[in-house]
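Every number in this text was worked out from the coordinates using simple rules, so none of it is lab data. As the structure is a prediction and not an experimental result, all values here were calculated from the model. Every residue, glycine as well, gets a Cβ built from its backbone with ideal geometry; the counts of neighbours run over all protein chains shown.
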Amino acid sequence: MKISIITPAYNEDPNLPLLYQRILALDWKDQQLDWEWLVVDDHSHDGTDAYLQHLAEINPRVHHIRFARNFGSHAACAAGLELCTGNAAVVLAADLQDPPETIFPLVNEWRAGSKVVWAVRADRPGESLLSLAFARIYYELMRRYTSAKLPPSGADFLLMDRLVIDALKAAPEKNTSLFALIQWMGFDQAHIAYTKAQRHGGVSKWNFKTRLKLAIDSFVGFSYVPIRATIVLGLSLAFLGFLYALFLIVRRFGFANPVEGWTSLICVVLITSGIQLLMLGTMGEYLWRCLDQTRPRPRFIIESIDGHAPGLPR
């Protein structure tokens, strides 16, 4: 059996040599496994490209896929899954926070019959309180309000069977969370616990902007809650408006006091305008994704594979 290791990489020159050595050091023969390593270079600007090109030349098990521009780590994972040839694939980060030695426990669960095996973080050392808080809120909201029930502590280190890989290739969604999509697909899924290490070198490419985009993509792609929330908000506003109108009528005719108009009117206009813009923005998120999904643009464009032109974009 053959295991494909898929690693998205963006400016990971400090980490890739050590990661390669640790993958080589694994006792593949003892496990009766063949392997390949597909590193998807998300258009890096450091020495990542040159190192991977050299590695692909000296080791036929290593394949270097380079994007024409930066498309993001989820697109990089999708590209690796499209090109891999193994009976199963492991998504492994380049920053050495996910130890390659955990691959064999994932394989053992797969051999026991699971089609997807998640490595769930038992601990997240070295992360800031803000980052931990954001992650906890994100995964809790995903579990509560979407159809993708990701593990509570999060997981992006996993193994999937060839059956799952082929199912993913048949669902080329854009602007989505790849891991939420895998969870949504079903199949027999298992979990193992591991301790997430600190980043070996370089800096994380996940900032507030990229995390916010992932959160929005996840909710829009797997939940109807934002749309339903706008309906509830609209009905609530209409009900409050009706109550306020009754109050004004009673005040005018019951107490013969004139209605003070400008202050209350401006408040109502500002509140309703803000809510209407919120509703339009929410619907716009869904509409834009429908447009982007139907446009014949590829999810990613590959510049080269092992130094050669790849052909048509995906």
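Quick notes on this one:
- Taking the number of Cβ atoms within 10 Å of each Cβ as an exposure proxy, the fewest-first ranking of Thr210, Thr282 is Thr210, Thr282.
- Base-10 log of normalised Debye intensity for the stretch 65-123 (one unit scatterer per alpha-carbon) at q = 0.28 Å⁻¹: -1.30
- If you look at the Cα atoms of the stretch 1-64, you get an Rg and a Dmax of 11.9, 38 Å.
- Legend: ranking of residues Ser114, Ser4 from fewest to most surrounding C-beta atoms inside 10 Å; resulting order Ser114, Ser4.
- Each Cα pair under 8 Å and six or more residues apart adds its separation to the average, and for the stretch 1-71 the resulting relative contact order is 39 percent.
- The overall shape of the stretch 38-138 is oblate: from the C-alpha gyration tensor, with semi-axes ordered a ≥ b ≥ c, the ratio a/c is 1.5 or greater and a/b is no larger than b/c.
- Taking amide hydrogens as placed 1.01 Å from N in the peptide plane, the amide H of Ile5 sits under 5 Å from those of Glu36, Trp37, Leu38, Val90, each at least 5 positions away in sequence or on another chain.
- 5 angstrom amide H check on Gln97, placed H, neighbours 5+ away: His200
- For Lys196, distant residues with modelled amide H under 5 Å away: Ala122, Asp123
- Mean Cβ count within 10 Å, highest first, over the residues of peptides 270-281, 160-171: 160-171, 270-281
- Packing around the peptides 217-223, 243-249, taken as the average count of other Cβ atoms within 10 Å per residue, puts them in this order, highest first: 217-223, 243-249.
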